[in-house]
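One structure is given here, and the rest of the page talks about it.
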Amino acid sequence: MNPNSFQIQFKAKVWIYPGKGGWHFLTLPLNVSKKIKLLAEQSKGSWGMVPVLAQIGQTIWNTSIFPEKNSPKYVLPLKADVRKREKILLDRNVSVLLTIQI
């Protein structure tokens, strides 16, 4: 692991965005979101996104977490191929390991 990175593990429930596209997300717990916000202040991109390396089960992918609208929490989008590979279902709790580069 890069010395300028940190890892955070958490569990969260899968939910679906009610708009077009059927995007699935996980909302990071408040304590995790607060820690990321403090530690990743310098690495934030447009719209407050934070680039991460995410791992669920054996699947690892590069993505970004985004601030949730009207909330201090971040959300992690779950691509269809990740959900399919890991057999992730709506409303199920999922364990996630995030690596954040700072």
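List of remarks:
- When residues of region 27-72 are limited to those that are among the aromatic types (Phe, Trp, Tyr) and at pLDDT below 95, the one farthest from Ile88 (Cα to Cα): Trp47
- Matching entry among Leu90, Leu28 (being within 12 Å of the chain's Cα centre (by Cα), hydrophobic (A, V, I, L, M, F, W, C) and over 15 Å from Gln101 (Cα atoms)): Leu28
- Among (1) in contact (Cβ under 8 Å) with a residue 12 or more places away in the chain; (2) more than 13 Å from Gln101 (Cβ to Cβ); (3) of a type in the set (Gly, Ala, Ser), the one test that Gly22 misses: (1)
- Qualifying residue in region 62-80 (condition: assigned to a strand (DSSP E or B) and farther than 18 Å from Tyr17 by Cβ): yes
- Hey, Leu39 of a type in the set (A, V, I, L, M) and within 10 Å of the chain's Cα centre (by Cα) or not: no
- Residue count for region 49-102 under the criterion of being touching a Phe, Trp or Tyr at 6+ places or on another chain (Cβ under 7 Å) and on the phi > 0 side of the Ramachandran plot: the result is 0.
- Per-region count, region 87-102, residues more than 19 Å from Leu30 (Cα to Cα), surrounded by 14 or more Cβ atoms within 10 Å (Cβ to Cβ) and at pLDDT 95 or above: 1
The values are calculated or read from the model by the stated rules, or taken from the named source; none is laboratory data. Note that this is a predicted model, so its numbers are computed, not measured. Here the Cβ is made from the backbone with ideal geometry for all residues, glycine too, and neighbour counts use every protein chain on show.
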